[in-house]
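Novice: Here it is: the structure, laid out below.
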Amino acid sequence: MADLRAPRGMNDLLPEDAPLWRHVRDTAERVAALFDYRPLATPIVEDAAVFERSAGQESDIVAKEMYRFEDRGGGTLALRPEGTAAVCRAYLEHGMASRPQPVRLYYLGPMFRYDRPQAGRYRQLWQFGVECIGDPSPAADVEVIELQQTLYEQLGLAPLGLGRLGGLTLRINSIGTAETRHRYVELLREHFRPHLATLSADSQRRFEANPLRILDSKEDARHTAVLDAPSILDHLDAEDAAHFAQVRALLDALGIAYAVDPRIVRGLDYYARTVWEFEPPGAGGQSTVGAGGRYDGLMELLGGPHTPGTGFATGIERIVLNLRERGLERAPAAPDVVTVPLGEAGALAAARLARTLRSAGLVVRAGTPGRSLRAALRGADAVDARYAVIVGNEEAAAGTAVVKTLRAGGEQRTLPADEVAAAIRRGDW
RNA sequence: GUGGGUGUCGCCUAGCGGUCAAAGGCGCCAGGUUGUGGCCCUGGAGAACGAGGGUUCAAAUCCCUUCACCCACCCCA
């Protein structure tokens, strides 16, 4: 085998993967358009500061997972680890605050994280994401959730009970604003401090870094201190609580099923209030298919004015993984026609005819000249073509072609070359 | 980043110290009489057994290192 391979954690998308991928991407863009979201494509690299300022230097994403490099001009660039910060940068750079608010945007493209790969976790991953910027209301959160839910629904992953393995479930939480959250975090520290010694090493580390994470620890899931921990939902301020109540009321009104899960947290400080995740049933390791949240604090970190925003990102690979687990593959592409050139004159006439057929919109795979008729038809069958169009020296001289069906009985007709396209387009035999 | 598992032709797999200068199935290419597919038959190409080092008279088979993938944790999509 060749000694060169794709970089670790990065994968080739082969032709056989294309139908499913295209379907997912097309569906995502169609659903986004349905909600009047517009595409925004940002560069795959950004000034590293875009992510360092937004996510924070100590966040895992920046500290451990970001591809960072100097460019020749001496600047520090980063392969984008996520989409939201770049979208916000573009919002500010292009003065989108002067467009009608909120500004509704979506993006689709590869992200990069230097992380240890495992199933469903890659160093290059594709994300589709949506951002609704400039609307602080619960309605914006719910619109974005509804969009995400609609996407999964149209792909066959939701609602509950669809497909062999069941659908994705929506779990939501409110983590309050930065101020209420800081108060709650202190409360949590006081709660866990007496139990520190009995918690796992990971949780002890989180105690300093981010006590919220202790709540969804796998190791300490049944630790009494975790089970008895105060819920952030009991410590929201009046406005936070009203916002969250509105979110739930709207979801109820739309008939979108969800579970409130106070253990859903976010590592980054700019998040505020509503956060959510979509998970497949029997959630295991890298299971979250898509997650979102409100990020009212983000624009200011990027040097802009206070601007509320809410959005989600969903991993294309994880969607594809779930579709495959449920047997929701897409049919591979097959050509309409394979040409079968026989002899030198036949080869010329076959090439001309192929050109005519393509201009009529037919997908034509050119047969390899020099093969026997037998081999050529075997080849046509192997690629699952609908028709073989045989052009030998006899046909070339007569200005005809032999059109043979490959799907059913193998009926064939000799037709004038200029009638082949129409006959195949009619496709009634 | 931590712990564990796996690694033989494009794919799946046999072999587990000597008879392996590696076998089979799928796929690919070519034939099965002169211009006809899908089944079948025949033949062919294709791997020095992930890579490097070691043990041994002898290694795909044992040991070490390394790389990659997988699983769990961490983190996240």
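Novice: Where residues in the stretch A:143-163 are modelled with pLDDT of 95 or more and among the charged types (D, E, K, R), which of them is surrounded by the most Cβ atoms within 10 Å (Cβ to Cβ)?
Specialist: The qualifying residue surrounded by the most Cβ atoms within 10 Å (Cβ to Cβ) is A:143.
Novice: Taking the residues in the stretch A:404-429 that are of a type in the set (Val, Ile, Thr) and surrounded by fewer than 18 Cβ atoms within 10 Å (Cβ to Cβ) as candidates, determine which candidate is farthest from residue A:351 (Cα to Cα).
Specialist: So the residue we want is A:405.
Novice: Filter the stretch A:375-404 for residues that are within 42 Å of the chain's Cα centre (by Cα) and more than 6 Å from RNA strand B (Cβ to nearest atom) and give the result.
Specialist: A:376, A:380, A:383, A:384, A:385, A:386, A:387, A:388, A:389
Novice: Within the stretch A:356-365, is even one residue more than 8 Å from RNA strand B (Cβ to nearest atom), more than 27 Å from residue A:331 (Cβ to Cβ) and outside any helix (DSSP H, G or I)?
Specialist: No, the stretch A:356-365 contains no residue that is more than 8 Å from RNA strand B (Cβ to nearest atom), more than 27 Å from residue A:331 (Cβ to Cβ) and outside any helix (DSSP H, G or I).
Novice: Tell me which residues, restricted to the stretch A:339-355, are assigned to a helix (DSSP H, G or I), within 16 Å of residue A:400 (Cβ to Cβ) and not aliphatic (A, V, I, L, M).
Specialist: A:343, A:346, A:352
Novice: Could you check how many residues of the stretch A:308-318 are in contact with a Gly (Cβ under 6 Å, 6 or more places away or on another chain) and either near RNA strand B (Cβ under 6 Å from one of its atoms) or hydroxyl-bearing (Ser, Thr, Tyr) (or both)?
Specialist: 3
Novice: Within the group A:267, A:327, which residue is on the phi > 0 side of the Ramachandran plot and at pLDDT below 95?
Specialist: Of the residues listed, the single one that is on the phi > 0 side of the Ramachandran plot and at pLDDT below 95 is A:327.
A quick yes/no check of all residues on (1) touching a strand residue (DSSP E or B) at 6+ places or on another chain (Cβ under 6 Å); (2) part of a helix (DSSP H, G or I):
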| site | (1), (2) |
| --- | --- |
| A:4 | no, no |
| A:10 | yes, no |
| A:21 | no, yes |
| A:26 | no, yes |
| A:33 | no, yes |
| A:42 | no, no |
| A:51 | yes, yes |
| A:57 | no, no |
| A:78 | yes, no |
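Novice: Output the residues belonging to the stretch A:113-142 that are out of contact with any helix residue (DSSP H, G or I) (no Cβ under 8 Å at 6 or more places or on another chain) and crowded, with 22+ Cβ neighbours inside 10 Å.
Specialist: A:140
Novice: Would you point out which residue out of A:196, A:251 is out of contact with any His (no Cβ under 8 Å at 6 or more places or on another chain) and assigned by TED's automatic domain parsing to the domain that holds residue A:311?
Specialist: Within the list A:196, A:251, the selection yields A:251.
Novice: Among the candidates A:401, A:366, which residue alone is surrounded by 12 or more Cβ atoms within 10 Å (Cβ to Cβ) and in contact (Cβ under 8 Å) with a residue 40 or more places away in the chain?
Specialist: A:401
Novice: Give the residue that is surrounded by the most Cβ atoms within 10 Å (Cβ to Cβ), with candidates limited to residues of the stretch A:166-192 that are out of contact with any helix residue (DSSP H, G or I) (no Cβ under 8 Å at 6 or more places or on another chain) and assigned to a helix (DSSP H, G or I). Before you say what the answer is, go through the steps one by one.
Specialist: If we filter the stretch A:166-192 for residues that are out of contact with any helix residue (DSSP H, G or I) (no Cβ under 8 Å at 6 or more places or on another chain), which is where we start, we get A:166, A:169, A:171, A:178-179, A:182-183, A:186-187, A:190.
This time we only want the ones that are assigned to a helix (DSSP H, G or I), so: A:178-179, A:182-183, A:186-187, A:190.
On the way: A:178: 14, A:179: 11, A:182: 12, A:183: 14, A:186: 11, A:187: 16, A:190: 11.
Applying the filter and picking the extreme gives A:187.
The values are calculated or read from the model by the stated rules, or taken from the named source; none is laboratory data. Everything quoted here is computed from the prediction, not taken from an experiment. Cβ: placed from backbone, ideal geometry, glycine included. Neighbour counts: every protein chain shown.
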